[in-house]
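Notes follow once the structure below has been shown.
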Amino acid sequence: MGSLWFQWSIAAAGFDATASILSFKNDELAIVGLLDLHESEVKSVSYSPSGALLATCSRDKVVYIWESGMDDDFECIAVLNGHKQDVKDVVWHPTSELLASASYDDSIRLWKEDYDEWYCCAKLSGHTSTVWSLSFDETGDRLASVSADRQLIVWRQSSKEGKPLGSDPQWREVWKTDETEHKRPIYSVDWVGSRIATGSGDDCIRIFTETSNDTFEITSCQPKAHRGDVNSVAWHPQKEGLLASAGDDGDIKIWKLEEDV
Amino acid sequence: MDNPNPEIRQVKRDVLRADSPLEETIYELLRDIRDPEHPNTLEELSVIEKENISISEPEEFMKAVVSVRFVPTVPHCSMASLIGLSIRSKIQDSDVLGEDYKLDVEVMEGTHDTGDEITKQLNDKERVAAALENQILRGLVDDCLRGVAHLRVVPQ
């Protein structure tokens, strides 16, 4: 399912209720760690920006946070209970140790640490069905979410001005797609720069571009991107306009965005 | 048992021709699935009906959507998820839809106390995949898919 790189390690989520850490040793990829606390399928994994923490989530409704020690050892340091149903995705904030999780219970939760205790610091309600995937923008001030309700929502963290010192920021919905844009559930979202890509059960990949502050327009729609649901989309982190996608047809495709001339 | 005395309908068999509409092909595929609680088929119990299988007109570049709505025999039927799972599994394992259609399996609106929840579950592909990998559930689904013929003694 989900997987993520950190330096030469890859974390992979498994339908067999485990998450695996794979690493290149002597030019070969080998499993160096197995995280097996979850009770049912692991849906997603995510390394924190520093690589020190790894988050995993599962149909068992729980999010675990793991700390990587010496020799690829991982120790569970937090159990995040709160979601009432399957947790479909976890992503870290790009610059701080703030974690976002998406669930079958239609909500998004944000989690952070305070004096060694992890707690839910915000709950984002706006979707009317399963939230499948999340992506922060580069600053981490905004979060994009996609759902089986066929909506892409952009959330913004409100400024802390006027709030009591130490209070958690609120997140509010600042933009969402037209209801009829996506024809089936949206399974994946990825945000780089001014562009948000979505992968949907209507077999299309769509690209939304920010035209003015917090306003987006659909600038590209690739129909029949796969011969089945598009399960995952991911921008190249550096090369602008390169996008990878994975579908129910078992294919992985690399796309290049061509600007209109 | 949630419904000890269900109404049973006498069924007659139509001849399925090669050029039958897709709705009929799907109905033919589903009619003999056995109800988990009764020695009867989904057709005999009116859980599935021809008019509750529909195909949407596809929008441009989009696949058409096949929608199968079923009616549990009683609104508190605890077997409704299993019936839905059997319907989905039967259609997915056949090749009637190929790559040309999307499939929605739904509890008919207003016919079950937790219909929306069951419908949500039946259309979450990860939930469905997990359920069908579960050996106990898989066994129950396979039982439904075996039909009823083996339960009935043919009079000499």
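The values are calculated or read from the model by the stated rules, or taken from the named source; none is laboratory data. In this text the structure is predicted, and so the values were computed from the model without any measurement. When we count neighbours, we look across all protein chains shown, and the Cβ atoms used for this are built from the backbone with ideal geometry, even at glycine. Side chains included, ligands, DNA and RNA excluded: accessible areas come from the protein's heavy atoms. Shrake-Rupley method; radii C 1.70, N 1.55, O 1.52, S 1.80 Å.
Among the listed residues B:Gly84, B:Gly147, identify the single one that is surrounded by fewer than 20 Cβ atoms within 10 Å (Cβ to Cβ), closer than 27 Å to B:Ile8 by Cα and in contact (Cβ under 8 Å) with a residue 12 or more places away in the chain.
B:Gly147
Just wondering, is there one or more residues in the range A:20-41 that are out of contact with any helix residue (DSSP H, G or I) (no Cβ under 6 Å at 6 or more places or on another chain), within 14 Å of chain B (Cβ to nearest Cβ) and part of a strand (DSSP E or B)?
Within the range A:20-41, not a single residue is out of contact with any helix residue (DSSP H, G or I) (no Cβ under 6 Å at 6 or more places or on another chain), within 14 Å of chain B (Cβ to nearest Cβ) and part of a strand (DSSP E or B).
Report, by residue number, each residue of the range A:233-250 that is within 14 Å of chain B (Cβ to nearest Cβ) and assigned to a loop (DSSP other than H, G, I, E, B).
Those that are within 14 Å of chain B (Cβ to nearest Cβ) and assigned to a loop (DSSP other than H, G, I, E, B): A:Asp248, A:Asp249, A:Gly250.
Return the residue satisfying two criteria in turn: it lies in the range B:127-142 and is facing chain A (nearest Cβ under 8 Å) and more than 13 Å from B:Arg88 (Cα to Cα), and of such residues it is least open to solvent (accessible area, probe 1.4 Å).
As a first pass, look at the range B:127-142 and keep what is facing chain A (nearest Cβ under 8 Å): B:127, B:129-130, B:133.
Now narrow it down to the ones that are more than 13 Å from B:Arg88 (Cα to Cα): B:130, B:133.
Working: B:Ala130: 11, B:Glu133: 127 Å².
Looking at the filtered set, the residue picked out is B:Ala130.
If we keep just the residues of the range B:25-78 that are among the basic types (Lys, Arg) and closer than 30 Å to A:His226 by Cβ, which is nearest to the other protein chains (Cβ to nearest Cβ)? Lay out the reasoning, then the answer.
Going residue by residue through the range B:25-78, those that are among the basic types (Lys, Arg) are B:31, B:34, B:50, B:63, B:69.
When the remaining residues are screened for being closer than 30 Å to A:His226 by Cβ, the result is B:63, B:69.
On the way: B:Lys63: 7, B:Arg69: 18 Å.
Only one residue tops the list, namely B:Lys63.
Give the residue, chosen from A:Ser188, A:Ser212, that is open to solvent by 30 Å² or more (accessible area, probe 1.4 Å) and either closer than 30 Å to A:Ser96 by Cα or at pLDDT below 95 (or both). I'd like the intermediate steps shown before the answer.
Values: A:Ser188 fails: open to solvent by 30 Å² or more (accessible area, probe 1.4 Å).
On inspection, the qualifying residue turns out to be A:Ser212.
Within the range B:93-113, does at least one residue satisfy the condition of being away from chain A (no Cβ under 14 Å), part of a helix (DSSP H, G or I), at pLDDT 95 or above and out of contact with any Ser or Thr (no Cβ under 7 Å at 6 or more places or on another chain)?
No - not one qualifying residue is present in the range B:93-113.
Just checking, which of A:Ser129, A:Ser107, A:Ser147, A:Ser133 is under 22 Å from A:Ala11 (Cβ atoms) and in contact with a strand residue (DSSP E or B) (Cβ under 6 Å, 6 or more places away or on another chain)?
Sole residue among the options that is under 22 Å from A:Ala11 (Cβ atoms) and in contact with a strand residue (DSSP E or B) (Cβ under 6 Å, 6 or more places away or on another chain): A:Ser133.
For the range A:42-71, how many residues meet the condition of being part of a strand (DSSP E or B), of a type in the set (A, V, I, L, M, F, W, C) and away from chain B (no Cβ under 14 Å)?
Of the range A:42-71, the ones part of a strand (DSSP E or B) are A:42-47, A:53-58, A:63-68.
Adding the requirement that they be of a type in the set (A, V, I, L, M, F, W, C) leaves A:42, A:45, A:53-55, A:57, A:63, A:65-66.
Still in the running and away from chain B (no Cβ under 14 Å): A:45, A:53-55, A:63, A:65-66.
The qualifying residues number 7.
With a cut-off of at least 3 residues that are within 14 Å of chain B (Cβ to nearest Cβ) and within 29 Å of A:Asp249 (Cα to Cα), name the strands (runs of 3 or more DSSP E) lying wholly within the range A:134-217. Lay out the reasoning, then the answer.
Values: elements: A:142-147, A:152-157, A:171-176, A:186-192, A:195-200, A:205-212.
Passing ranges, in order: A:186-192.
Can you name the number of the only condition in (1) open to solvent by 10 Å² or more (accessible area, probe 1.4 Å); (2) in contact (Cβ under 8 Å) with a residue 12 or more places away in the chain that A:Lys25 fails?
(2)
Give A:Ser101, A:Ser96 a once-over and let me know the one that is open to solvent by less than 10 Å² (accessible area, probe 1.4 Å), at negative phi and more than 14 Å from every other protein chain (Cβ to nearest Cβ). Even if it seems obvious, please write down each step before you answer.
Details: A:Ser96 fails: open to solvent by less than 10 Å² (accessible area, probe 1.4 Å).
A:Ser101 is the lone residue from the list that is open to solvent by less than 10 Å² (accessible area, probe 1.4 Å), at negative phi and more than 14 Å from every other protein chain (Cβ to nearest Cβ).
Here are B:Val74, B:Val68: which of them is among the hydrophobic types (A, V, I, L, M, F, W, C), modelled with pLDDT under 95 and surrounded by 13 or more Cβ atoms within 10 Å (Cβ to Cβ)?
Values: B:Val68 fails: modelled with pLDDT under 95.
After ruling out the rest, the residue left standing is B:Val74.
Return the residues of the range A:218-232 that are open to solvent by 10 Å² or more (accessible area, probe 1.4 Å) and assigned to a strand (DSSP E or B); say none if nothing qualifies.
At the first step, the residues of the range A:218-232 found to be open to solvent by 10 Å² or more (accessible area, probe 1.4 Å) are A:218-224, A:227, A:229, A:231-232.
The answer is A:Ile218, A:Thr219, A:Ser220, A:Cys221, A:Gln222, A:Asn231, A:Ser232.
For the range A:104-123, name all the residues that are open to solvent by 20 Å² or more (accessible area, probe 1.4 Å), on the phi < 0 side of the Ramachandran plot and of a type in the set (Phe, Trp, Tyr). Let's see the steps before the verdict.
Filtering the range A:104-123 down to residues open to solvent by 20 Å² or more (accessible area, probe 1.4 Å) leaves A:105-106, A:109, A:112-121, A:123.
Remaining after also requiring on the phi < 0 side of the Ramachandran plot: A:105, A:109, A:112-114, A:117-121, A:123.
Those that are open to solvent by 20 Å² or more (accessible area, probe 1.4 Å), on the phi < 0 side of the Ramachandran plot and of a type in the set (Phe, Trp, Tyr): A:Trp118, A:Tyr119.
Quick one: count up the residues across the range A:28-61 that are open to solvent by 20 Å² or more (accessible area, probe 1.4 Å) and aliphatic (A, V, I, L, M).
Residues flagged as open to solvent by 20 Å² or more (accessible area, probe 1.4 Å) and aliphatic (A, V, I, L, M) within the range A:28-61 amount to 7.
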